[in-house]
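Remarks on the structure that follows.
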């Protein structure tokens, strides 16, 4: 195989007459011409270029092997015009890379399926001869990848050979018209900018998530506090209702025991007693019963208030409505406190306090109670 030029000036390869074998046999003219252009561009970029170079043990064969004249590096330039699956082209790339030879896949086809799966560029002929890279270069700007410049193929290869551009696996999104390919050719600083941007973006998202989590936790705390307040409100309402119910029950017991207490005291003392209209704090919120001007008994005091006035109550008779109430009062009163359990009845209409020296009213018949104590001399 040797290079020739047609009468119209087109360069092409031709097989030598009688050549027994040729590595290029079976390849299209377009493929031959593209490889020739690749070799010429590599040489223009300052590299040494050889066609159809086999790798160690024949594991691969490079269309054009460009190398540093000082043998510091080698790069395989692959002209790919015929259809090939993405998996096959990736496998061929990996075989060369395993021997330390990176590759650049070059085609003039419009976006083949494998484009971007491996380090690749698309080229087209330009006026005045030669090829230019029209797709494959990219730059990073504003958090996105965008289309890079179109440059002569020799210039692009010079950038590749000197590491001014590198094959980079893109992670950030792209901006049209750049296609979302996995691999792009870009300057190292753009790859670094993408890494810094993604790190900052990840940090921003992490802080945003932490802030959202903090707000959720605060909202949860506020919700729990609100629920606690509502429970406390319900509890207070219930307690207030219970307290009001207890007060109402106490008032009803006190009213119900007025007549039995009135009759009990009159029977016991022979004197017409006077019963206060309302409960009195000084008698543990019980209703005091007077003989003359002196207290003689108290109706249904509040057990929890008894300790504060136990000495005042010690000399009085305490009237209660049930055995349970008697036990509650006894637990708070002084030992020996006299407590009488009376059966409630219709409320008596309290008579006015008699003036000092007034004779007692006659004692009516019939007194209800659980015990009938002996007649006692009224205090005072």
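All of the numbers you see were taken from the coordinates with simple rules; none came from a lab. On a predicted model such as this, the values are computed, not experimentally measured, just so you know. Glycine also receives a Cβ, built like all others from the backbone with ideal geometry; neighbour counts cover every protein chain displayed.
A few notes on this one:
- Here the gap between residue 249 and residue 59, fully extended at 0.36 nm per residue and compared with their Cα-Cα distance, gives a gain of 58.1 nm.
- Whether segment 66-106 is rounded, prolate or oblate, judged on the alpha carbon gyration tensor where a/c under 1.5 counts as rounded: oblate
- Among 140, 156, the ranking by other beta carbons within 10 Å of each residue's beta carbon, starting with the fewest, stands as 140, 156.
- Calculated FRET efficiency, residue 200 to residue 44, Cβ-Cβ distance, R0 = 41 Å: about 0.50 to the nearest 0.05.
- The relative contact order of segment 2-186 comes to 14 percent, based on Cα pairs under 8 Å that sit 6 or more residues apart.
- Volume per residue of the C-alpha convex hull in segment 2-186, rounded to whole Å³: 132
- Percent RCO, i.e. relative contact order, over segment 123-226, from Cα pairs under 8 Å lying at least 6 residues apart: 21
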